[in-house]
1. Based on this model, can you work out whether Leu169 counts as at pLDDT 90 or above, assigned by TED's automatic domain parsing to the domain that holds Arg69, assigned to a helix (DSSP H, G or I) and surrounded by 13 or more Cβ atoms within 10 Å (Cβ to Cβ)?
2. With respect to the numbered conditions (1) more than 24 Å from Asp121 (Cα to Cα); (2) surrounded by fewer than 14 Cβ atoms within 10 Å (Cβ to Cβ), which one is the sole condition not fulfilled by Glu71?
3. Just name the residue that is surrounded by the fewest Cβ atoms within 10 Å (Cβ to Cβ) out of those in the range 97-109 that are touching a Pro at 6+ places or on another chain (Cβ under 9 Å) and of a type outside the set (D, E, K, R).
4. Enumerate the pairs (first residue in the range 164-186 and within 17 Å of Glu213 (Cβ to Cβ); second residue anywhere and charged (D, E, K, R) and buried (at least 19 other Cβ atoms within 10 Å of the Cβ)) with beta-carbon separation below 6 Å, excluding pairs fewer than 6 apart on the same chain, so at least 6 apart or on different chains.
5. Kindly indicate whether Asp87 is crowded, with 19+ Cβ neighbours inside 10 Å and more than 21 Å from Pro160 (Cβ to Cβ).
6. Looking only at residues that are touching a residue at least 40 places away in the same chain (Cβ under 8 Å) and surrounded by fewer than 21 Cβ atoms within 10 Å (Cβ to Cβ) in the range 21-46, which one is farthest from Gly111 (Cα to Cα)?
7. With respect to the numbered conditions (1) in contact (Cβ under 8 Å) with a residue 60 or more places away in the chain; (2) within 20 Å of the chain's Cα centre (by Cα), which one is the sole condition not fulfilled by Leu17?
8. Looking only at residues that are assigned to a helix (DSSP H, G or I) and touching a residue at least 60 places away in the same chain (Cβ under 8 Å) in the range 140-162, which one is nearest to Thr217 (Cα to Cα)?
Amino acid sequence: MSRSILVVDDEPGIVDLVVYGLRRDGFEVEAVTTGEDAIRRAREGDWALMVLDLMLPDVSGIDVCQTIRAESDLPIIMLTARDAETDVVVGLQAGADDYVAKPFSMAELVGRVRALLRRRDLDLAAAAAAGGTVREAAGIRVDLARHEVAVDGEPVSLTPSEFQILVLLMGDPNRAFTRREIMEHLWNSPHVPDERTCDAHISNLRRKLGERERIATVRGVGYRLAKDAA
């Protein structure tokens, strides 16, 4: 598995801090300062993860994220200039897996990077162990080994986080999962990001799964596969 991380930010101070901190933790790091370079290098390199600033001088971080997500499932952590709900929701809708709000500590960012890569490794191991395991419900077909999803026979592109949430819900369709349980599943840790991230992922999933309500809200609890979808 690659240990190379692509950092995209146009603030020299932030770039120096992030590159130094990640290299100190044992990662290979390359930094670029524009959205166009980010897209180009993402296509050229074998990256484990991208750290992507929301505000860039040419192409916005949102556009970069959407472009990359349409082509690959590269894990992406978005850097936002402020801890604003709009930034968080827009970034996650664009396909980011997590976000870190500026100002941040390197310990926090490195922790998020390591957690996301650890989850990636676990996903790959689970897929290998699954062999050809397929789950189906309500017109949804999930191939665990191939990491593919189809809805009513049509392929659907999900982010790694969206895929894991869907697998969790389909694995126990009679159970309602709390937001914290979903986030702990995503991060394989009791120390999870803001739970509102879960709501954004669910919203994106519902949109991608079509007009039929396949994920139900359980008031005061969280989410479950809709009863008529099981």
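1. In short, no.
2. (1)
3. Kept after step one, since they are touching a Pro at 6+ places or on another chain (Cβ under 9 Å), are these residues of the range 97-109: 97-100.
Add one more test, that the residue is of a type outside the set (D, E, K, R), and what stays is 99-100.
On the way: Tyr99: 23, Val100: 20.
Here the answer is Val100.
4. Partner pairs satisfying both residue conditions: Ala176/Arg224.
5. Judged against the criteria, Asp87 is not a match.
6. So the residue we want is Gly45.
7. So the condition that Leu17 fails would be (2).
8. Ser161
The values are calculated or read from the model by the stated rules, or taken from the named source; none is laboratory data. This is a predicted model, so every value here is computed, not measured. Positions of Cβ are backbone-derived with ideal geometry, glycine not excepted, and every protein chain shown enters the neighbour counts.
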